[in-house]
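Asker: Next up is a structure, given as structure tokens.
The values are calculated or read from the model by the stated rules, or taken from the named source; none is laboratory data. Given the structure is predicted, the values throughout are model-derived calculations rather than measurements. A quick note on method: Cβ atoms are made from the backbone with ideal geometry, for glycine too, and the neighbour counts reach across all protein chains shown.
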Amino acid sequence: MTEQHAVAHRICPLCEASCGLVIEREGQQVTRIRGDEADVFSAGFLCPKAVSLKELHDDGDRLRSPLVKRDGRFVAVSWDEAYAEIERRLPPIIAAHGADAVATVLGNPVAHKMSLMLYFPRLARALGTRNMYSASSVDQVPKMLSVGLMFGNWMTVPVPDIDRSDYLLVLGANPMVSNGSMWTVPDYRGKAKALRARGGKIVVVDPRRTETAQAADAHHFIRPGGDVFFLLGLAHTLFEENLVRLGRLAPHVAGLDALQAAVQPYPPERMAARCGVPADVMRTLARELAGARRGAIYGRIGTCTQQYGTLASWLIDAINVLTGHLDAAGGAMFPKAAAFAANTRGKPGTGRGVVMGRYRSRVAGAPEVMGELPVTCLAEEIDTPGPGQVRALIAIAGNPVLSAPNGARLAAALEQLDFMVSLDIYLNETSRHADVILPGVSPLEDAHFDVSFGQLSHRNHARYSAPVLARADGQPDEWESLLRLAAIVKGMGRNADLDAWDTALLEEEVQKSAGPATPHVMAALAPRRGVERMLDLALRSGPYGDQFGAQPDGLTLAKVQAAPSGIDLGPMQARIPEVLRTPSGKIELAPAVLLADLARVAEALGAPDEAPTLVIIGRRQLRSNNSWMHNLPVLAKGPYRCTALVHPGDAARLGLADGGRAQIRNGARMVEAQVELSEEMMPGVVSLPHGWGHDLPGTQLGVAAERPGANLNALLDEQLRDPLSGNAVLSGIAIEMRPC
Ligand SMILES: Nc1nc2c(c(=O)[nH]1)N[C@H]1C(S)=C(S)[C@@H](COP(=O)(O)OP(=O)(O)OC[C@H]3O[C@@H](n4cnc5c(=O)[nH]c(N)nc54)[C@H](O)[C@@H]3O)O[C@H]1N2
Ligand SMILES: Nc1nc2c(c(=O)[nH]1)N[C@H]1C(S)=C(S)[C@@H](COP(=O)(O)OP(=O)(O)OC[C@H]3O[C@@H](n4cnc5c(=O)[nH]c(N)nc54)[C@H](O)[C@@H]3O)O[C@H]1N2
Ligand code: SF4
Ligand SMILES: [Mo]
């Protein structure tokens with residue numbers, strides 16, 4: 001050990017599991033990364049991606065200085081020059097064409113970065129644009145919409161209480177690999193094993209016999225996109241076989257009769273062909289779930305990224321209600337986060353609920369949901385001329401050229417923009433189109449608190465990480481970059497006094513909740529600035545907070561900082577009716593817009609079943625993270641992974657050989673991929689991972705370019721959406737395949 005040897009704690013920001021890590025360093029060099037066994041939430045668990053935080057920090061391709069495009073080439077410039085370029089070019093576009101001429105697009109890491117989560121709203125407010133897009137609409141918007149309609153808030157998402165459960169029905173999720181989503185659950189493997197060891201049962205329904213299925217008691221194939229039929233069959237069975245038990249929730253539920261009537265036309269026998277799950281299996285699963293003492297059905301991205309995503313998301317929670325498993329120990333429960341939880345604000349037990357469709361996208365007419373438009377509309381909003389056309393873009397931690405369907409159209413559209421800024425850590429397939437790239441910081445250089453994932457955690461906790469390494473001289477934190485952008489947009493200039501403005505903005509917000517106590521609150525927060533001051537405010541005024549002295553034993557940021565492995569806040573507790581924010585004060589089991597949307601199901605069932613012979617779905621892999629971790633040697637090494645899994649029966653029919661190359665076509669769209677024969681696949685279904693395709697020119701991703709892989713999204717159609725939520729359809733697209 002040298003004098004400089006130090007040990008730090010950092011919550012891993014690379015996936016939703018949010019594992020606590022111990023990071024050893026010598027000076028500014030990371031020497032070791034391991035799981036923090038003392039972490040109150042993750043207890044030492046980690047996956048191979050955690051170790052890559054060192055390579056990410058050291059990656060020579062990671063951007064360290066701002067880049068400005070001059071004559072088509074990026075040149076490194078100072079921060080002031082970069083902001084000057086933005087100040088020169090962005091405000092005139094707004095002045096000439098209005099606020100909506102500037103779009104924003106956010107990527108997945110925003111949800112994992114306190115700075116980005118807490119300060120993007122400042123920029124959004126300064127911009128005042130309706131053209132806001134994010135990765136949510138290639139992901140979880142359907143779930144947020146369905147819970148919003150049922151429980152009254154977008155973030156009131158119930159999560160399985162796995163530690164106390166003895167039955168889990170997993171639909172369209174592979175937590176063994178993804179480490180959980182909309183369900184923060186480090187070490188799913190260990191928890192699933194414990195569940196089974198105590199006599200419980202796990203059943204997986206998925207078009208692929210996944211790693212999660214292999215570690216379960218049973219697995220059933222389902223036709224991609226068939227979930228709504230499967231879930232209707234289950235709900236029907238619960239009513240028909242008199243298995244509905246609302247229990248404690250009975251007085252808090254509205255719409256039971258309407259739901260019963262709505263599912264009445266859909267017995268399993270009628271649904272079986274459409275979902276590929278036999279009727280007797282559907283009936284058995286409904287009985288098992290209803291009979292489980294403590295259990296839940298959990299669905300994730302596979303149930304969202306399809307044309308009935310919102311209906312499927314709704315039916316999952318409706319079934320948890322019908323079987324008495326919602327808000328019950330061992331069932332699907334509501335976390336209570338220590339800070340920032342929307343569902344701990346406002347008056348308990350009632351609220352305004354959610355509204356959607358307050359405006360529509362200009363070209364496709366897609367409804368706004370949560371203040372966002374579908375990211376699959378972004379390209380057409382840029383490349384379709386006319387009033388309201390998008391002329392400038394601010395992209396933050398997103399790579400939609402690879403992560404969204406038909407990136408080729410988006411890439412061409414980005415080239416037409418008058419101006420584009422990226423806040424990113426790489427020069428990649430999306431940021432290459434920018435005029436200015438502002439580098440974000442490495443996760444080892446900033447402070448962290450889970451703004452999003454505390455609200456989705458299977459157990460309540462409060463954990464904070466201080467920056468592990470110092471930022472380079474002149475490198476702002478990401479909240480400062482966002483606030484600087486906001487100041488430029490507001491016409492305050494790039495040299496505005498950010499600290500003064502930041503304080504004024506915060507004070508305005510405190511005033512709304514604290515009223516006359518505002519000076520007292522601001523004084524208590526005064527020693528801190530930026531994100532940490534906001535965090536202190538949120539913790540202290542949150543459900544476990546010290547309320548600025550009124551609850552002296554309550555939480556403050558100082559208290560959380562003093563516990564480097566976190567503070568445990570116990571298992572989830574029953575929260576109904578307190579958590580509800582619907583106007584009725586009840587769980588809305590049968591929201592009108594969802595009942596109306598069932599018309600599409602009825603229509604589909606009325607038409608002949610034209611099942612394509614071959615469809616494609618995606619796949620996540622442990623050593624990968626969407627599109628952006630392919631440049632890290634520790635993860636990129638090993639066997640070639642961007643393979644198309646094909647069932648041997650399909651391969652024989654199509655003349656495809658294991659290890660051979662194949663063309664995959666969807667109409668005029670085509671990619672080439674390496675074939676891997678796999679009995680895991682449902683016959684007629686091919687699986688290709690997403691996030692690959694690093695062979696586009698103009699990027700700076702040396703390692704990723706060596707094995708670029710095939711881009712699944714290049715095959716997909718940006719016009720296919722769940723009409724209700726606007727979420728993209730990524731699953732079950734008809735393809736043709738033949739050997740190259
Ligand atoms: N076909 C198909 N497509 C999919 C999916 C699928 O299952 N199938 N999944 C979808 C899902 S769930 C998601 S969430 C989206 C993800 O979509 P995106 O968020 O657009 O894609 P990512 O690959 O996560 O890109 C993250 C970007 O953030 C940058 N970045 C990483 N860390 C930081 C940081 O700390 N600061 C800053 N400023 N930038 C950073 C990276 O360089 C990269 O450019 O992809 C979606 N696309
Ligand atoms: N290692 C790793 N971890 C990640 C990520 C990553 O890229 N790599 N991405 C992160 C992100 S952004 C997210 S959103 C989460 C997602 O976390 P999960 O939802 O667990 O994601 P997947 O592993 O894609 O699991 C989706 C499953 O749905 C199945 N499926 C596909 N179509 C259908 C269908 O129509 N119906 C049903 N029932 N199933 C279907 C697929 O076969 C797959 O097994 O993972 C996060 N964690
Ligand atoms: S499971 Fe997720 S949070 Fe945990 S170490 Fe791996 S990438 Fe990080
Ligand atoms: Mo995601």
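Asker: Out of region 2-12, which residues are assigned to a loop (DSSP other than H, G, I, E, B) and modelled with pLDDT of 95 or more?
Answerer: The first filter runs over region 2-12 and keeps only residues assigned to a loop (DSSP other than H, G, I, E, B), leaving 2-4, 12.
Answer for region 2-12, where residues must be assigned to a loop (DSSP other than H, G, I, E, B) and modelled with pLDDT of 95 or more: just C12.
Asker: Oh, and also: Here are some conditions: (1) within 16 Å of ligand 1 (Cβ to nearest atom); (2) buried (at least 23 other Cβ atoms within 10 Å of the Cβ); (3) more than 21 Å from the chain's Cα centre (by Cα). K54 meets all but one. Which one does it not meet?
Answerer: The one condition K54 does not meet is (2).
Asker: Find the helices (runs of 4 or more DSSP H) located wholly in region 165-214 whose residues include 1 or more that are near ligand 2 (Cβ under 8 Å from one of its atoms), and list them.
Answerer: Details: elements: 175-178, 188-197, 211-214.
In region 165-214, 175-178, 211-214 are the helices (runs of 4 or more DSSP H) which contain 1 or more residues that are near ligand 2 (Cβ under 8 Å from one of its atoms).
Asker: Let me ask you something else. Those residues that are hydroxyl-bearing (S, T, Y) and under 19 Å from S481 (Cα atoms), I need them from region 439-466; list them, please.
Answerer: First, pick out the residues of region 439-466 that are hydroxyl-bearing (S, T, Y): 442, 452, 457, 464-465.
Hit for region 439-466 is S442, nothing else.
Asker: Answer yes or no as to whether L712 is of a type outside the set (S, T, N, Q), within 16 Å of ligand 4 (Cβ to nearest atom) and under 20 Å from A651 (Cβ atoms).
Answerer: On the way: of a type outside the set (S, T, N, Q): yes; within 16 Å of ligand 4 (Cβ to nearest atom): yes; under 20 Å from A651 (Cβ atoms): yes.
In short, yes.
Asker: Taking only region 577-597 into account, find how many residues are buried (at least 19 other Cβ atoms within 10 Å of the Cβ) and over 25 Å from the mean Cα position of the chain (by Cα).
Answerer: 2
Asker: Residue by residue through region 119-133, note down the ones that are in a helix (DSSP H, G or I) and in contact with a strand residue (DSSP E or B) (Cβ under 9 Å, 6 or more places away or on another chain).
Answerer: Keep residues of region 119-133 that are in a helix (DSSP H, G or I), which gives 119-127.
Passing the criteria: F120, L123, A124, L127.
Asker: Please determine, by comparing only the residues of region 328-376 that are of a type in the set (S, T, N, Q) and out of contact with any Gly (no Cβ under 6 Å at 6 or more places or on another chain), which one is surrounded by the most Cβ atoms within 10 Å (Cβ to Cβ).
Answerer: Kept after step one, since they are of a type in the set (S, T, N, Q), are these residues of region 328-376: 343-344, 350, 361, 376.
Checking the rest, the ones that are also out of contact with any Gly (no Cβ under 6 Å at 6 or more places or on another chain) come to 343-344, 361, 376.
Working: N343: 26, T344: 22, S361: 21, T376: 30.
Out of the qualifying residues, it is T376.
Asker: Across region 184-236, what is the total count of residues that are within 19 Å of R619 (Cβ to Cβ) and either of a type outside the set (F, W, Y) or within 16 Å of ligand 1 (Cβ to nearest atom) (or both)? Give the steps one after another, and end with the answer.
Answerer: Kept after step one, since they are within 19 Å of R619 (Cβ to Cβ), are these residues of region 184-236: 188-189, 204-216, 219-227.
The next check asks that each one be either of a type outside the set (F, W, Y) or within 16 Å of ligand 1 (Cβ to nearest atom) (or both); those that pass are 189, 204-216, 219-220, 222-227.
The number of residues fulfilling the criteria is 22.
Asker: Can you work out which of the residues in region 298-327 that are under 18 Å from the mean Cα position of the chain (by Cα), buried (at least 24 other Cβ atoms within 10 Å of the Cβ) and part of a loop (DSSP other than H, G, I, E, B) is nearest to ligand 1 (Cβ to nearest atom)?
Answerer: Applying the filter and picking the extreme gives T305.
Asker: With a cut-off of at least 1 residues that are in contact with an Asp or Glu (Cβ under 7 Å, 6 or more places away or on another chain), name the helices (runs of 4 or more DSSP H) lying wholly within region 560-669. Even if it seems obvious, please write down each step before you answer.
Answerer: Working: elements: 592-606, 633-636, 648-654.
Correct list: 633-636, 648-654.
Asker: Sticking with this structure for a sec: Go through region 243-279 and give me each residue that's out of contact with any helix residue (DSSP H, G or I) (no Cβ under 9 Å at 6 or more places or on another chain) and under 13 Å from G324 (Cα atoms).
Answerer: G247, R248, P251, H252
Asker: Further question on the same structure: I'm checking my understanding of the structure. Among residues of region 90-104 that are small (G, A, S) and assigned to a helix (DSSP H, G or I), which one is surrounded by the most Cβ atoms within 10 Å (Cβ to Cβ)?
Answerer: As a first pass, look at region 90-104 and keep what is small (G, A, S): 95-96, 98-99, 101, 103.
Next, from what is left, pick out any that are assigned to a helix (DSSP H, G or I): 95-96, 99, 101.
Details: A95: 10, A96: 10, A99: 13, A101: 21.
Among them, the one singled out is A101.
Asker: If you don't mind, another one. Name the strands (runs of 3 or more DSSP E) wholly within region 13-77 that hold at least 2 residues that are closer than 23 Å to L635 by Cα and more than 9 Å from ligand 3 (Cβ to nearest atom)?
Answerer: On the way: elements: 20-26, 29-35, 67-70, 73-76.
In region 13-77, the matching strands (runs of 3 or more DSSP E) lie at 20-26, 29-35.
Asker: Continuing with this model, one more query. Please go through (1) closer than 24 Å to S115 by Cα; (2) outside the structural domain of P387 (by TED's automatic domain parsing); (3) of a type outside the set (A, V, I, L, M); (4) surrounded by 13 or more Cβ atoms within 10 Å (Cβ to Cβ) for E87 and return the number of the only condition it doesn't satisfy.
Answerer: (2)
Asker: Right, another one. With respect to V451, is the statement that it is part of a loop (DSSP other than H, G, I, E, B), in contact with a strand residue (DSSP E or B) (Cβ under 7 Å, 6 or more places away or on another chain) and crowded, with 23+ Cβ neighbours inside 10 Å true?
Answerer: Numbers: part of a loop (DSSP other than H, G, I, E, B): yes; in contact with a strand residue (DSSP E or B) (Cβ under 7 Å, 6 or more places away or on another chain): no; crowded, with 23+ Cβ neighbours inside 10 Å: yes.
Considered against the rule, which asks whether it is part of a loop (DSSP other than H, G, I, E, B), in contact with a strand residue (DSSP E or B) (Cβ under 7 Å, 6 or more places away or on another chain) and crowded, with 23+ Cβ neighbours inside 10 Å, V451 comes out as no.
Asker: Continuing with the same structure: Does region 502-520 include one or more residues that are basic (K, R) and out of contact with any helix residue (DSSP H, G or I) (no Cβ under 6 Å at 6 or more places or on another chain)?
Answerer: Yes; the residues of region 502-520 include at least one that is basic (K, R) and out of contact with any helix residue (DSSP H, G or I) (no Cβ under 6 Å at 6 or more places or on another chain).
Asker: In region 173-190, which residue that is of a type in the set (A, V, I, L, M, F, W, C) and more than 15 Å from G454 (Cα to Cα) is surrounded by the most Cβ atoms within 10 Å (Cβ to Cβ)?
Answerer: Ranking the qualifying residues of region 173-190, first place goes to A173.
Asker: Within the bounds of region 664-678, is there any residue that is crowded, with 17+ Cβ neighbours inside 10 Å and closer than 25 Å to V277 by Cβ?
Answerer: Looking through region 664-678, at least one residue is crowded, with 17+ Cβ neighbours inside 10 Å and closer than 25 Å to V277 by Cβ.
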